[in-house]
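K.L.:
First the structure, then my questions, so here it is.
The values are calculated or read from the model by the stated rules, or taken from the named source; none is laboratory data. Keep in mind that what you see is a predicted model, and the values were worked out from it rather than measured. When we count neighbours, we look across all protein chains shown, and the Cβ atoms used for this are built from the backbone with ideal geometry, even at glycine.
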């Protein structure tokens with residue numbers, strides 16, 4: 001799993017380990033990855049910390065090879081690493097930031113899936129979950145790079161699901177709303193959080209449960225984009 005050193009990734013690593021999965025905690029922050037792996041080991045689980053920057057395909061390939069060598073195969077994958085970009089109107093959006101976000105959020109998912117799919121095909125099947133977002137379903141003002149990247153993740157997810165369903169590999173995505181993590185510090189108690197029909201932001205563990213279900217508890221679900229947003233995208237603006 002990428003982006004496993006904190007937030008939703010860390011919560012998912014712990015959740016999967018609790019169900020008996022041997023987890024590779026991959027993150028570009030090696031210390032954070034080691035800390036999460038250490039938590040898993042102390043509770044009786046198995047985990048391997050791996051440093052990787054998903055913007056670099058060679059690092060992704062090496063990380064997946066290491067995971068396969070350590071675990072004896074690859075059956076489940078959660079591609080969670082991502083960056084938010086900056087807030088700016090589209091006409092003023094900085095070119096370098098836009099393409100950096102695409103390299104990480106889109107290129108990283110693409111590189112991960114290519115490597116994961118090869119090993120899952122060789123091993124007889126598996127399941128992949130990609131981290132999309134509510135921003136991969138609708139538009140968000142001043143967030144062009146992030147919105148474009150998450151729409152692309154949804155497209156990659158659906159394409160892979162169609163291509164590999166008959167070969168025993170399921171590919172789905174989660175689309176969280178606002179989640180209480182360090183990435184959105186200050187927003188978790190904002191008016192945006194209150195705009196969710198549930199009246200609050202999600203906890204990372206609540207998204208982790210959805211990822212776990214798509215990976216292990218949904219044998220006939222593929223190509224789905226599961227919203228985990230407390231009803232945010234279900235409401236009709238102005239009528240709720």
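K.L.:
Where the second residue is surrounded by fewer than 17 Cβ atoms within 10 Å (Cβ to Cβ) and modelled with pLDDT of 95 or more and the first is within 17 Å of residue 173 (Cβ to Cβ) and lies in region 119-133, which pairs have Cβ atoms under 8 Å and are six or more apart or on separate chains?
P.N.:
Short answer, once both residue conditions are applied: 120/168; 126/168; 127/216.
K.L.:
Considering only residues that are surrounded by 23 or more Cβ atoms within 10 Å (Cβ to Cβ) and under 13 Å from the mean Cα position of the chain (by Cα), look in region 80-103 and name the one that is nearest to residue 219 (Cα to Cα).
P.N.:
That would be 80.
K.L.:
Quickly run through region 114-129 and pick out the residues that are more than 18 Å from the chain's Cα centre (by Cα) and surrounded by fewer than 17 Cβ atoms within 10 Å (Cβ to Cβ).
P.N.:
Correct list: 118, 121, 122, 123, 124, 125.
K.L.:
Which members of region 64-74 meet the condition of being over 20 Å from residue 15 (Cβ atoms), under 21 Å from the mean Cα position of the chain (by Cα) and not in a helix (DSSP H, G or I)?
P.N.:
73
K.L.:
If residue 150 satisfies every condition in (1) more than 30 Å from residue 72 (Cα to Cα); (2) over 13 Å from the mean Cα position of the chain (by Cα) but one, which is the exception?
P.N.:
Checking residue 150 against (1) more than 30 Å from residue 72 (Cα to Cα); (2) over 13 Å from the mean Cα position of the chain (by Cα), the one that fails is (2).
K.L.:
Looking at region 229-240, which of its residues are part of a loop (DSSP other than H, G, I, E, B) and in contact with a helix residue (DSSP H, G or I) (Cβ under 7 Å, 6 or more places away or on another chain)?
P.N.:
The answer is 229, and nothing else.
K.L.:
Can you pull out the residues in region 50-63 that are under 25 Å from residue 179 (Cβ atoms) and more than 17 Å from the chain's Cα centre (by Cα)?
P.N.:
Hits for region 50-63: nothing passes.
K.L.:
Among the residues of region 5-31, how many are closer than 18 Å to residue 207 by Cβ and outside any strand (DSSP E or B)?
P.N.:
Adding up the residues that qualify gives 16.
K.L.:
Same structure again: I'd like the full set of residues that are in a helix (DSSP H, G or I), touching a residue at least 40 places away in the same chain (Cβ under 8 Å) and more than 23 Å from residue 8 (Cβ to Cβ), limited to region 145-175.
P.N.:
162, 164, 165, 167
K.L.:
Name the residue, out of 47, 33, 111, 77, that is within 16 Å of the chain's Cα centre (by Cα), surrounded by 22 or more Cβ atoms within 10 Å (Cβ to Cβ) and farther than 26 Å from residue 158 by Cβ.
P.N.:
Result: 33 is the single residue among 47, 33, 111, 77 that is within 16 Å of the chain's Cα centre (by Cα), surrounded by 22 or more Cβ atoms within 10 Å (Cβ to Cβ) and farther than 26 Å from residue 158 by Cβ.
K.L.:
Now a separate question. Just one of the numbered conditions (1) touching a helix residue (DSSP H, G or I) at 6+ places or on another chain (Cβ under 7 Å); (2) on the phi < 0 side of the Ramachandran plot is not true of residue 58; which one?
P.N.:
For residue 58, the exception is condition (1).
K.L.:
Okay, moving on. Name the single residue, out of those in region 185-226 being closer than 14 Å to residue 130 by Cβ and touching a helix residue (DSSP H, G or I) at 6+ places or on another chain (Cβ under 6 Å), that is surrounded by the fewest Cβ atoms within 10 Å (Cβ to Cβ).
P.N.:
223
K.L.:
Here is a follow-up. Could you check how many residues of region 202-228 are part of a loop (DSSP other than H, G, I, E, B), touching a strand residue (DSSP E or B) at 6+ places or on another chain (Cβ under 6 Å) and closer than 22 Å to residue 3 by Cα?
P.N.:
Going through region 202-228 one residue at a time, the tally reaches 1.
K.L.:
Continuing with the same structure: Among the residues of region 167-179, are any surrounded by fewer than 18 Cβ atoms within 10 Å (Cβ to Cβ) and at pLDDT 95 or above?
P.N.:
Yes; the residues of region 167-179 include at least one that is surrounded by fewer than 18 Cβ atoms within 10 Å (Cβ to Cβ) and at pLDDT 95 or above.
K.L.:
Continuing with the same structure: Which of the following residues is closer than 28 Å to residue 177 by Cα and touching a helix residue (DSSP H, G or I) at 6+ places or on another chain (Cβ under 7 Å): 68, 104, 83?
P.N.:
Within the list 68, 104, 83, the selection yields 83.
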